[in-house]
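Derivation of every value follows stated rules applied to the coordinates shown; laboratory data play no part. For clarity, every value in this text was computed on a predicted model and none was experimentally measured. Counting neighbours? That spans all protein chains shown, and the Cβs are built from the backbone with ideal geometry, glycine included.
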Amino acid sequence: MDHIKPITEADLHAYVDRQLPVPRRVEIERFMASRPDERRRVLAWQRQSELLQTWLDPVLCEPLPLRLPLKPEAAAWPWRGLAAGIALAVVSASSAWFVRGALDSDGTRLASVNSGRLTGFARRAAVAHVVYSPDARRPVEVGADQEQALVTWLTKRIGTPVHPPALGALGYDLVGGRLLPGDKGPVAQFMYTTTGGQRLTLYVTREAAGQETAFKFGQDGAVKVFYWVDKNFGYALSGGVDRQELMRVSQEVHRQLAPGS
């Protein structure tokens, strides 16, 4: 089998997503037949992909505003990348950690270091980021060219005014947004990109009532998340950029969306 191309992690994810040609699938099945641990891992990804599909089914039939022109393929649900997203954000073997603390008066200092795992809306935000940010065909439901319609739609569905912050001055342009199912109701996800293609996603939820308002940082695998709570709103900014860059953008998001801004 020396002539066979080495089996990588990306190959296993592509196998789960059914993105490989038949000959390569056969090679990977032979590979897994002799490696039960790898086979169990792939089977777990497949089960989690099915669970995530069930979790997101309510959005599949979610109506868009009638004013929005839809392309023929817009009715198709983009399931490519779900298994990869779950593997990265849910099954990641790397340890997660976060920094708990409050922003001081100028919004630049973090304090009170603790260790732990991403939970609650921060974890759901990380999952949503790795599911949708790699999608080249349909990363958002409504594009930035229809921003006002997007704001109107999300505001109506979530039940309170919600809008994407303007991050162009930091080098991040709005791609658009989508509605996602949360733990207790709909949530919004806004996506941003740089000219180089680096994407960040902002997760906005009303599920944070009663939670502490500390500004926190967490990481699971390659996904980093800054998250905080303001007046019953939970915000989580996720991306693959370094921590300092994500903190810089998070502070601007916090400044723009803080009550009274």
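Observations
- Pair GLU9, LYS156: separation of 7 Å Cα→Cβ label points (nm): 4.3 nm
- Per-peptide average of other Cβ atoms within 10 Å, ordering 124-134, 241-251, 219-229 highest first: 124-134, 219-229, 241-251
- Modelled FRET efficiency - R0 41 Å, GLN244 with VAL26, Cβ distances, 0.05 increments: 0.35
- For the stretch 164-261, the relative contact order comes to 21 percent (Cα pairs under 8 Å, sequence separation of at least 6).
- With neighbour counts taken as other beta-carbon atoms within 10 Å, the residues PHE190, PHE217 rank, fewest first, as PHE217, PHE190.
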